[in-house]
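K.L.:
Dropping the structure in here first, questions after.
The values are calculated or read from the model by the stated rules, or taken from the named source; none is laboratory data. Since the structure is predicted, the reported quantities are computational estimates derived from the model, not experimental observations. No Cβ is skipped: glycine too gets one built from the backbone with ideal geometry, and neighbour counts run over all protein chains shown. Protein only, heavy atoms only, side chains kept; ligands, DNA and RNA dropped before computing areas. Shrake-Rupley method; radii C 1.70, N 1.55, O 1.52, S 1.80 Å.
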Amino acid sequence: YLGIRAEEFWPGGMRARIEVRDELLTPFGNLHGGVIAALVDHVLGTVCYPVMPRGAWAATTEFKLNYLAPVSGGTLEAVSEIVSLTKRTAVVRITVTNGDRTVAIAQGTVLVMPPKQP
């Protein structure tokens with residue numbers, strides 16, 4: 001429904017986008033904060049998959065999100081980068097922009113679950 005598109009991956013990082021559409025706006029004409037939170041949560045875990053063992057999965061345990069500016073149109077772009085990765089956790093930093101403005105920043109932790117043994 002949100003239309004999150006992964007645009008680019010590199011070791012420990014990724015970039016994703018969402019087009020701001022009318023149905024994602026509040027009655028006041030601004031993008032609902034939950035859309036930004038969902039984008040952050042998505043890239044928080046997704047960035048880990050290329051660097052985790054095959055069959056492992058990432059579960060968000062927490063994230064802190066600061067909204068810095070309202071969004072009323074255009075495109076949201078989220079860049080996430082792994083700050084720390086161990087066998088069991090990853091800490092990820094995310095910057096969300098709308099054009100040339102930074103509209104949110106976040107940092108979160110994911111639990112890295114090892115592959116199930118047969």
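K.L.:
Which value, in Å², gives the accessible area per residue of the chain when a 1.4 Å probe is used on the protein heavy atoms?
P.N.:
Per-residue accessible area for the chain comes out at 57 Å².
K.L.:
Could you list the trypsin sites (Lys or Arg not before Pro) in segment 1-75 that lie in coil according to DSSP, counting only those with at most 10 other Cβ atoms within 10 Å of their Cβ?
P.N.:
Qualifying residues, ordered by number: Arg54.
K.L.:
What's the magnitude of the charge dipole for segment 57-114 around its Cα centre, counting Lys and Arg as +1 and Asp and Glu as -1 at the beta-carbon? Answer in Debye, nearest 20.
P.N.:
220
K.L.:
Another question, then. Beyond 12 Å, what share of the Cα-Cα pairs of segment 47-97 remains, rounded to the nearest whole percent?
P.N.:
71
K.L.:
Oh, and also: Here are several values of P(r) over Cα pairs in 5 Å bins from 0, in percent: [x] 2, 12, 23, 22, 17, 11, 7, 4, 1, 1, 0; [y] 2, 11, 19, 21, 19, 12, 8, 5, 2, 1, 0; [z] 2, 12, 24, 27, 21, 12, 2. Which one was derived from the coordinates shown?
P.N.:
From the options [x] 2, 12, 23, 22, 17, 11, 7, 4, 1, 1, 0; [y] 2, 11, 19, 21, 19, 12, 8, 5, 2, 1, 0; [z] 2, 12, 24, 27, 21, 12, 2, the structure gives [x].
K.L.:
Still on this structure, please answer the following. What is the set of long-range amide H partners of Gly74 at a cut-off below 5 Å, with H atoms built 1.01 Å from backbone N?
P.N.:
Placed amide hydrogens put Val20 under 5 Å from Gly74.
K.L.:
Simple spin-label model, 7 Å along Cα-to-Cβ: Thr60 to Leu2 in nm?
P.N.:
Result for the modelled spin labels: 0.6 nm.
K.L.:
Let me ask you something else. Mind checking the dipole of the chain: about its Cα centre, +1 per Lys or Arg Cβ, -1 per Asp or Glu Cβ, Debye to the nearest 20?
P.N.:
My answer is approximately 520 debye.
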